[in-house]
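**Student:** Please see the structure below; I have some questions.
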Amino acid sequence: MMAAPTPLITVDAATKTYKLRSRSLRRVNMTALDRISLVINRGETVGLVGESGSGKSTLGRAILHLTDLDSGKIVYNGNEIQSLSESEFRPYRRKLQMVFQNPLTSFNPMMTMESALLDSMRLVSELDLNTKRRRVLQLLDQVELSSRFATLYPYEMSGGQLQRAAIARALAPDPDFIFLDEPTAALDMSIRGQIINLLLRLQRETSVSFIFVSHDLRLIRYIADRVLVMYQGQLVESGDKAQIFDHPQHAYTQKLLSATFVGQAERAQARSRTET
Amino acid sequence: MSAIPQLQDDFVVIRRPSLYRRLVEANGAWRVNLNLAILIFIIVLGVIAPLLPLQNPVKPLPLERLNPPSAEHWFGTDTNGMDVFSRTIHAIRIDFTLAISSVVIGVVIGAPLGAISGYYGGRIDDVLTRITEVLQGFPQILFAMAVLAAAGNSLINLILIIAFYNIPVYSKMVRSVVAPLREVEFVQAAKVAGNRPIAVVFRHIIPNALVPVFSQLPLSCAYAVQLIAGLSFIGLGVSIPTPEWGAMIQNGASQIVFGKWWVSVFPGLGLFFSVWVLNNVSDILKSLVVRRA
Ligand SMILES: Nc1ncnc2c1ncn2[C@@H]1O[C@H](COP(=O)(O)OP(=O)(O)OP(=O)(O)O)[C@@H](O)[C@H]1O
Ligand SMILES: [Mg+2]
């Protein structure tokens, strides 16, 4: 389909350790990222799975310059970004977006959806305010939220509605990359399908890249080109979707797969029996 | 960016309950109306006092000292023969002006300090928190007495002393709202959107601290009024002939045993009512804080 894939983001041996104090005042180190290396190509969806606390969100925050790394390198579009100061990094901000894990706390309680989405386009200098306003309505419409929602505050909306608004917000500045941190967890099945298809369509149109975090392996299998598996801060497996789902190498991946697809073979058998 | 279709403006206007409705729902109409009415009445009375047909509040009438309430002097006269009714009303001006200006200075300095402390955390936070604790540990009346004795007994000094005590109140309050927000997703989202740190603090964080700050304002004013009156009562702060409740109470304090109660009791009631109503209004406003997910 695509010619030689061009790397958009390269993460090289990224390491992040949180220093915590336990109750007995001993210092405890928590290695959230342990020498993570990965490449994300233009127009690609990378599925990211791993148990709770394995460092998935931390990886997203590191790529988006929201967390300092202890060591390692992050390259975006040929530019080393992890060493930049906040103001040096600002020009890249609009191209790297995130849908945060918790939709309920993702929006400023004092801002309507319209102000929140306009705020996310503050670095978009080529559009004037009126065009941005129309774009807000268009984006809301794309995530199945009527124009009414533009005037609502976050506490007037449900978790699923906020999650869709968060996706609209991430799309607003026309990014190259979106870290989607469980973006469909609060959505019901029909909306989930629409949102997934929206993301895939936009990807075809604009060749935006995604890291898609999910605990739903079926969804990952549907949407991802490649899959990464994290376990206790390490990248224990990475490769083609087919390779990971059919020939998992790491014990954790095998456990994960068997937990998800357990009984599938038996159910298929039973179905064929009743049908005959 | 792909072509943007023309969308007609079919905004549905959302009607939210007004601020007043929310206050009434949480506190009951009676409580809200009565307290707001009294507070507005007191403030308006103070503002228009010079326009009212009152007697001159600072003109001593040597022949009419310590006259009891009468048709001529509704609240009687004090030890200098000044009209207590006129003075009690004019005192609103000085007490509220001093209180409000000292509280405003306290908020303007304290709130940004608290925001910085809470947002940046670390060393800055440690230093500011320690200073705050030391300041608050100091006995206030003693401190005020010492400063007024050393720097002179002027109204400006009085305002500054009270402002000084309000700074930590507001820096602590704003810090307690801001610190937990630092890691919250919407603040991270504000960074992702490209807000500079200063914009993150002022556009996204401080507005979330405004409701608790506003509900604290009347309480701080009540406290300031009490402190001004207290200092004036012990001879610091405002002194005769300026009409001020604390100084007026002091003026009549020695007369109460002789049955000349009106000199102290009327300004005392003015002080009591003001503090009481400010406390109530603060309580009423606090009901706005709760509605946060
Ligand atoms: N700000 C922080 N301070 C200290 N420790 C943190 C912080 N953020 C994350 N951690 C720790 O880092 C580890 C990885 O956290 P992270 O949020 O990246 O996990 P995750 O894979 O996203 O998990 P989940 O699936 O539950 O969202 C966890 O052990 C967590 O306790
Ligand atoms: Mg997470």
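**Student:** Rounded if a/c is under 1.5, else prolate if a/b is larger than b/c, else oblate: which is the stretch A:1-131, with a ≥ b ≥ c the root eigenvalues of its Cα gyration tensor? All intermediate terms of the calculation are to be shown ahead of the outcome.
**Tutor:** Numbers: a/c = 1.85, a/b = 1.23, b/c = 1.50.
Verdict is oblate for the stretch A:1-131.
**Student:** So, one more: Inside 10 Å of the C-beta atoms of A:118-128, what's the mean count of C-beta atoms belonging to other chains?
**Tutor:** Working: counts 1, 8, 6, 2, 7, 3, 2, 0, 1, 2, 0.
Per residue, the average neighbour count from other chains is 3.
**Student:** Hey, what angle do you get for helix B:262-286 against the long axis of chain B, alpha-carbon based, 0 to 90 degrees rounded to 10?
**Tutor:** So the inclination is approximately 10 degrees.
**Student:** Right, here's the next one. So what is the calculated 222 nm ellipticity per residue for chain B, using -39500 (n - 2.57) for each DSSP H run with n of 4 or more, over all residues, to the nearest 500 deg cm²/dmol? Don't skip to the end; give the middle numbers.
**Tutor:** Numbers: 10 runs with 184 residues, N = 293.
Taken over chain B, the calculation gives -21500 deg cm²/dmol.
**Student:** At 222 nm, what helix-only mean residue ellipticity would chain A give, in deg cm²/dmol to the nearest 500, using -39500 (n - 2.57) for each DSSP H run of four or more? Could the numbers behind the result be given before it?
**Tutor:** Details: 10 runs with 104 residues, N = 276.
The per-residue figure over chain A is -11000 deg cm²/dmol.
**Student:** Per-residue mean of other chain beta-carbon atoms within 10 angstrom of the beta-carbon, peptide A:104-115?
**Tutor:** Numbers: counts 3, 9, 5, 3, 12, 8, 9, 5, 1, 0, 1, 1.
Mean shielding count: 5.
**Student:** Only Lys, Arg, Asp and Glu count, each charged at its Cβ (+1, +1, -1, -1), so figure out the dipole size of chain B about its Cα centre, rounded to 20 debye.
**Tutor:** Working: 21 positive and 15 negative charges, 122 e Å.
Result for chain B is approximately 580 debye, rounded to the nearest 20.
**Student:** Moving to a separate point now. What are the ³J(HN,Hα) couplings of the stretch B:198-212, residue after residue, when phi is run through the Karplus curve with 6.51, -1.76, 1.60 and θ = phi - 60°? Round to Hz, x for glycine and proline.
**Tutor:** Per residue, the Karplus-derived 3J(HN,Hα) values read 5, 6, 4, 5, 7, 8, 10, 9, 4, x, 6, 9, 5, 4, x Hz.
**Student:** Quote the relative contact order of chain A in percent (integer), defining contacts as alpha-carbon pairs under 8 Å separated by 6+ residues.
**Tutor:** Details: 461 pairs, mean separation 64.6, N = 276.
The value is 23 percent.
**Student:** Springs between alpha-carbon atoms under 10 Å, Gaussian network over chain B: tell me which of B:P62, B:P218, B:P50 tops the mean-square fluctuations.
**Tutor:** B:P62
**Student:** Where does the charge balance sit around A:D174 when Lys and Arg score +1, Asp and Glu -1, over other residues with C-beta under 14 Å from its C-beta?
**Tutor:** Local net charge: +4.
**Student:** Still on this model: What full-extension length gain, to one decimal in nm, is calculated for B:I198 and B:V58 as 0.36 nm per residue of separation minus the Cα-Cα distance?
**Tutor:** Details: separation 140, 0.36 × 140 = 50.40 nm, distance 4.99 nm.
Gain on stretching B:I198 to B:V58: 45.4 nm.
**Student:** For helix B:140-151, what angle does its Cα long axis make with the longest principal axis of chain B, in degrees from 0 to 90 and rounded to 10?
**Tutor:** The angle comes out at about 70 degrees.
**Student:** Suppose R0 equals 35 Å; then what is the FRET efficiency for A:L129 and A:D68 from their Cβ-Cβ distance, rounded to the nearest 0.05? Write down the numbers at each step before the final one.
**Tutor:** Numbers: r = 34 Å, r/R0 = 0.98.
About 0.55, to the nearest 0.05.
**Student:** Right, here's the next one. Among A:R148, A:R61, A:R164, determine the one that fluctuates most according to a GNM of chain A built with springs between C-alpha atoms less than 10 Å apart.
**Tutor:** A:R148
**Student:** Determine the shielding of peptide B:179-190 by partner chains: average, over its residues, the number of Cβ atoms on other chains within 10 angstrom of each Cβ. Working shown, then result.
**Tutor:** On the way: counts 0, 0, 3, 0, 2, 6, 15, 13, 3, 8, 15, 6.
That average works out to 6.
**Student:** Counting Lys and Arg as +1 and Asp and Glu as -1, each charge on the Cβ, what is the dipole of the stretch A:102-174 about the Cα centre in debye, to the nearest 20?
**Tutor:** Details: 8 positive and 8 negative charges, 8 e Å.
Dipole of the stretch A:102-174, to the nearest 20 debye: 40 debye.
**Student:** Further, regarding this structure: Of all DSSP beta bridges located in the protein assembly as shown, what percent are antiparallel, nearest 5?
**Tutor:** Beta bridges within the protein assembly as shown, antiparallel portion: roughly 60 percent.
**Student:** For a quick check, take a GNM of chain B with Cα springs below 10 Å and name the residue from B:F202, B:F214, B:F164 with the largest mean-square fluctuation.
**Tutor:** B:F202
**Student:** Could you tell me which of B:F143, B:Q188, B:M173 has its Cα farthest along the dipole of the stretch B:121-208 towards the positive end, charges placed at Cβ (Lys, Arg +1; Asp, Glu -1), taken about the Cα centre?
**Tutor:** Value computed over the given set: B:Q188.
**Student:** What's the angle, to the nearest 10 degrees (0 to 90), between helix B:122-137's Cα axis and the longest principal axis of chain B?
**Tutor:** Orientation of helix B:122-137: about 20 degrees from the principal axis.
**Student:** Taking the Cα atoms of the stretch A:102-174, report the difference between the largest and smallest coordinate on each principal axis, in whole Å and largest first.
**Tutor:** That gives 32, 20, 19 Å along the principal axes, largest extent first.
**Student:** Would you please give the FRET efficiency between B:V44 and B:I124, computed as 1/(1 + (r/R0)^6) with r the Cβ-Cβ distance and R0 = 41 Å, to the nearest 0.05? List each step's numbers first, then the result.
**Tutor:** Working: r = 43 Å, r/R0 = 1.06.
Step by step, r from the Cβ atoms, then E = 0.40.
**Student:** With charges only on Cβ, +1 for K and R and -1 for D and E, what is the dipole size of the stretch A:137-252 about its Cα centre, in debye, rounded to 20?
**Tutor:** On the way: 10 positive and 14 negative charges, 31 e Å.
Using Cβ point charges on Lys, Arg, Asp and Glu, the stretch A:137-252 gives about 140 debye.
**Student:** Additional query: Could you state, as a whole-number percent, how many of the C-alpha pairs of the protein assembly as shown are farther apart than 34 Å?
**Tutor:** Details: 90513 of 161596 pairs.
Cα-Cα pairs in the protein assembly as shown separated by more than 34 Å: 56 percent.
Every number in this text was worked out from the coordinates using simple rules, so none of it is lab data. Computed from a prediction, not measured in an experiment: that's the story for all the values here. Counting neighbours? That spans all protein chains shown, and the Cβs are built from the backbone with ideal geometry, glycine included.
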